[in-house]
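Structure, as structure tokens:
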Amino acid sequence: MDLGLSGRRALVMGASKGLGRSIADALAAEGVAVAVSGRNQESLDRVAAELQALGAPKAVGIPADVAEGAQMDRLADAAVAALGGVDILVLNHGGPPTCSALEMKQEDLVTWFQRIVLSPIRIANRLIPGMRERKWGRILAVGSTGMVQPLPGLALSNTLRASIVGWNKTLSAELAGEGITCNILAPGAFATDRTAETLAAAAAKTGKSIEALVAERSAAIPAGRYGEPPEFGPMAAFLASDKAAYTTGRIHIIDGGAVRCV
């Protein structure tokens, strides 16, 4: 299927690896010019070169850290300068450490509120005016299935990502009549570094081996396995296309059937 994305321009945050990289790959293969961000310039330069080999007419790496709000302004401006504008914004970042609700600390809530809520909203607000001028835009936030079914041991993530759900739904209604859609991609268990970190933490806490935990968790997924990153990005590419122009304000779950609610 030709998604008609050739000529569009995207900024993909947290794109040096994992699910962010999967989205960047899928957009590049559709002919989208891509700016990728992360904290390591060397990794970003390598990714940019690989994206061009996949089909991106232009790809650049721009370092930025979501822990610093002011860097979001610089990232947005640098992406616009490099690409001539940003039509597709992918909000993606690392997740907070594991903890129970009773273990949450005030300082951790403040630290991760900046990364999960304030920085994504700040950069979106910086780029939305350009989308409104062009009467076309896509905002995609990468979240978690914890947004619809809170995950044990991920209290910080469950708590803070709920703010993005409310923001996305509110924003989508405000922009729907201007050709701009706002959607959330909620991944379940994928074979990423983030998953490896949570598995290691669970193994240390329970005394079980990582292999035993993987087998246990895979058995709870109807698909019977963890997802692979290349299975994630194509959904983002579809939601960024004109073929998904009537889909907005939604959470799109990609989890092998693990979430039990309807």
**Q.** Separation of alpha-carbon centers, the range 178-232 and the range 93-143, rounded to whole Å
**A.** 20
(Q) With angles folded into 0 to 90 degrees, how steeply does helix 18-29 sit against the dominant principal axis of the chain? Use alpha carbons for both and round to 10. (A) 30
Q: Give a residue-ordered list of calculated ³J(HN,Hα) values for the range 128-139 (Karplus: 6.51 cos²θ - 1.76 cosθ + 1.60, θ = phi - 60°; whole Hz; x for Gly, Pro).
A: 4, x, x, 5, 5, 4, 8, 6, 7, x, 9, 10
Q) For the chain, which whole-number percentage of the solvent-accessible area (1.4 Å probe, protein heavy atoms only) is attributable to carbon and sulfur atoms? A) 55
**Q.** GluC sites (Glu not before Pro) lying in DSSP loop within the range 33-108, provided at most 16 other Cβ fall within 10 Å
**A.** GLU68
Q) Among all the aspartates and glutamates, which ones have a C-alpha under 17 Å from LYS243's C-alpha, if same-chain residues fewer than 8 places away are not counted? A) ASP2, GLU30, ASP87, GLU178
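Would you mind working out the accessible area per residue for the chain, using a 1.4 Å probe, and quoting it in Å²?
Ligands and nucleic acids excluded, the result is 45 Å² per residue.
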Q: Filter the trypsin sites (Lys or Arg not before Pro) in the range 83-176 down to the DSSP loop ones having no more than 10 other Cβ atoms within 10 Å, then list what survives.
A: LYS105, LYS135
Q) If amide H atoms are built 1.01 Å from N in the plane of the peptide, which residues on other chains or at least 5 residues away come under 5 Å of the amide H of GLY249? A) CYS182, ASN183
Q: Calculate for the chain the 222 nm mean residue ellipticity that helices alone would give, adding -39,500 (n - 2.57) per DSSP H run of length 4 or more and normalising by residue count, nearest 500 deg cm²/dmol.
A: -14500 deg cm²/dmol
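The values are calculated or read from the model by the stated rules, or taken from the named source; none is laboratory data. These numbers were taken from a predicted model, which means no experiment stands behind them. No Cβ is skipped: glycine too gets one built from the backbone with ideal geometry, and neighbour counts run over all protein chains shown. All accessible areas refer to the heavy atoms of the entire protein, side chains included, with ligands and DNA or RNA removed. Shrake-Rupley method; radii C 1.70, N 1.55, O 1.52, S 1.80 Å.
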